[in-house]
Every structure is written in structure tokens, then in C-alpha cells.
Amino acid sequence: MSINDKLINLLPGLAVMVKVIETGSFSAAARALNCMPSAVSRQISSLEASLKLQLFVRTTRSLRLSEAGQTVAQYAQDMLAAARLASTVSAVNAQPQGLIRLSAPKAFAKQVIQPLLGDFLRLYPEINLQMIVTDRPTDLLQEDIDLGIRITDQPPLGLVAKPLQLIEQILVAAPAYLSARGIPHAPHDLSGHDCIYLGEHANDNRWVLQQGALSQSVVVQGRYIANNTEMRLAAALDAWGIASLPVFTAQAALAEGRLQRVLADWELLTAYRGSAYLLYPPNRYLAPKLRVLIDYLEAQLQH
């Protein structure tokens with residue numbers, strides 16, 4: 001048995017010793033510890049044997065600490081005070097409180113996450129939240145980020161990945177544009193329209209649409225290209241053409257009738273589709289502040 005193991009084995013006996021000192025007798029300590037007096041006596045005897053010291057001077061009528069016992073008692077009481085302090089810290093940490101650092105892609109952060117945060121912060125007034133808004137993949141461990149949201153169809157290995165929301169890309173246009181230029185009825189009709197696309201990669205103007213087992217590819221063109229969803233949304237609302245947008249960007253304008261779906265019975269396949277995953281390092285003891293935010297985002301976005 002190592003020295004550390006021997007020291008650990010002393011801890012229960014030291015705790016019982018403190019209880020005997022606090023209560024004044026073995027029987028009173030036993031009542032406080034909800035055990036038999038004989039169990040207290042055995043624990044003290046075992047401690048004395050391990051330390052090779054007599055800790056208490058016992059008579060039929062009295063119990064007092066020996067000189068060595070007085071020295072050991074001071075260390076035992078310090079140990080118990082430290083344990084109580086650790087228990088207090090644990091109780092404090094059981095409350096959702098403290099700073100959470102959350103990273104998310106720009107458009108998703110602004111259009112989906114931001115509207116949810118006011119209610120969350122009102123629910124948990126002891127929690128502070130820092131948003132790290134970026135479209136690049138963040139390294140949670142290296143950048144000291146608690147939670148990250150990433151849109152992907154392959155969440156990274158080594159992290160817990162909770163799917164929050166399917167991210168579908170759709171085609172939309174303003175009623176005024178469709179009234180002036182006509183409504184496409186098949187993917188190949190898009191080649192005769194002004195289309196608003198990302199332009200980040202060479203093939204971003206090649207839209208692939210799928211309907212069941214049927215897949216069609218069409219090269220589109222237009223006078224406006226933007227790798228920002230809000231700018232493509234604004235251009236579509238201003239009747240500049242047919243835009244590719246995430247559903248979460250277009251849904252309010254669609255609900256208000258300011259935009260219309262184009263080729264709604266076709267699925268637009270792009271590299272920018274997938275699911276929004278909430279990512280965090282695996283941790284057996286997840287901090288309450290993180291647990292409540294994880295549960296909140298799941299409840300809001302998975303309904």
C-alpha cells in the first residue's frame with residue numbers, strides 16, 4: 001500500500017475523531033453518526049493503531065484527548081473544515097451561474113439564436129453569455145469555448161453532437177419579380193432568370209435540384225452575387241431575382257407573403273445544407289449553467 005493510500009485510509013477515522021470531540025463521548029458521536037457506539041470505538045482504535053498513538057485517555061467516567069491527540073485533533077478539524085468548504089463550493093456550483101461562451105455561424109447566430117437569448121437570460125439571472133460569432137469552425141478546447149454550433153452533415157469526432165435543427169436551402173423570389181419574369185416550372189427554367197447565389201466557390205452557380213429519384217443540374221447566372229444570407233434576402237425582397245437561402249433566413253418573409261417559394265417540390269442540394277449541431281466536449285460532470293442552456297436550445301429548436 002502506498003503512502004497516499006495509507007493517508008486516505010486515515011480520513012474516515014479522523015472524521016469520527018472530530019465528531020467524538022464535538023459531542024464529548026463515543027455514544028453521543030454514535031448517535032450523531034447514526035451507528036453503534038462499538039463502531040465508533042473500533043474506528044478510533046483503528047486510527048490509533050495506524051498512527052501508533054493514543055488519542056484519547058478513557059476512564060469509566062471521562063474521556064479526554066491525550067497530548068498527542070490534541071495535536072492530531074487540530075489537523076483533523078482542519079481537514080473537516082476543508083471538506084465542508086468543498087461541499088459549499090459544490091452546492092454553489094449546483095446552481096446555474098457564471099459565464100458561458102457560445103460560438104455559432106453568423107447568420108444562424110443572428111437570425112435563430114439571438115431571438116431566443118432574452119428569455120433564457122431572464123430565466124437564469126445568474127448566467128452571463130458571451131457570443132463568439134464566426135463562420136469558421138472553432139476549436140472548443142483550444143479557444144476555451146463552452147458550446148459551439150456548427151452546420152454540417154458530419155459532426156466532428158471527439159465531441160458530443162446534439163442535432164438542433166435541419167438546415168434546408170430553398171429558392172425564393174419576390175412576387176413582383178415573378179409577376180414580371182414568370183414562374184419557373186422546372187429546374188431548366190432557372191437558366192432564363194436572374195439568380196442570386198453565393199459565389200464563394202467556382203461551382204456555386206451550378207444548382208442541383210432533386211425530386212425523388214430524379215436529379216437535375218442547371219447553371220444559373222444573375223447580376224448580383226453575395227456570400228451573405230441577409231444581403232441575398234434583401235436583394236430577393238427588392239425583386240432582383242431568385243435567391244438561394246436557408247429556410248430560417250426566408251421564413252418570416254415567406255409567412256408575410258413578401259417572398260414566394262420557387263420550385264417548392266424540388267430539393268436544392270448544396271454544400272451549405274445539413275443540420276445545426278450543438279457541440280461540446282464530453283464531460284461526466286457537466287456544469288449546471290451548460291446543462292440548462294443545452295436543454296433550452298434543444299427545447300426551442302427541436303419542436
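For the reader, a short list of remarks on this structure follows.
- Residue that is modelled with the highest pLDDT [pool: residues in segment 41-88 that are farther than 13 Å from Leu14 by Cβ and β-branched (Val, Ile, Thr)]: Val57
- Given (1) more than 30 Å from Val220 (Cβ to Cβ); (2) of a type outside the set (A, V, I, L, M, F, W, C); (3) in contact with a Phe, Trp or Tyr (Cβ under 6 Å, 6 or more places away or on another chain), number of the condition Gln111 does not satisfy: (1)
- Some residue of segment 3-12 being modelled with pLDDT under 80 and closer than 30 Å to Tyr280 by Cβ: no
- Top-ranked residue in segment 34-64 [being among the charged types (D, E, K, R) and under 50 Å from the mean Cα position of the chain (by Cα); ranked as surrounded by the fewest Cβ atoms within 10 Å (Cβ to Cβ)]: Arg42
- Failed condition for Ala239, given (1) part of a loop (DSSP other than H, G, I, E, B); (2) on the phi < 0 side of the Ramachandran plot: (2)
- Within segment 120-218, strands (runs of 3 or more DSSP E) holding 2 or more residues that are loosely packed, with under 15 Cβ neighbours inside 10 Å: 127-133, 160-167, 206-211
- Any chance Ala243 is among the small types (Gly, Ala, Ser) and either under 27 Å from the mean Cα position of the chain (by Cα) or surrounded by fewer than 19 Cβ atoms within 10 Å (Cβ to Cβ) (or both): no
- Filter result for Arg258 (in a loop (DSSP other than H, G, I, E, B) and either touching a Gly at 6+ places or on another chain (Cβ under 8 Å) or of a type in the set (S, T, N, Q) (or both)): no
- Search result, residues across segment 15-33 that are crowded, with 19+ Cβ neighbours inside 10 Å and touching a Ser or Thr at 6+ places or on another chain (Cβ under 7 Å): Phe26, Ala29
- Failed condition for Glu168, given (1) among the acidic types (Asp, Glu); (2) farther than 20 Å from Thr249 by Cα; (3) in contact (Cβ under 8 Å) with a residue 60 or more places away in the chain: (2)
The values are calculated or read from the model by the stated rules, or taken from the named source; none is laboratory data. In this text, all values refer to a predicted model and were calculated from it rather than measured experimentally. We place every Cβ from the backbone using ideal geometry, glycine too, and count neighbours over all the protein chains shown.
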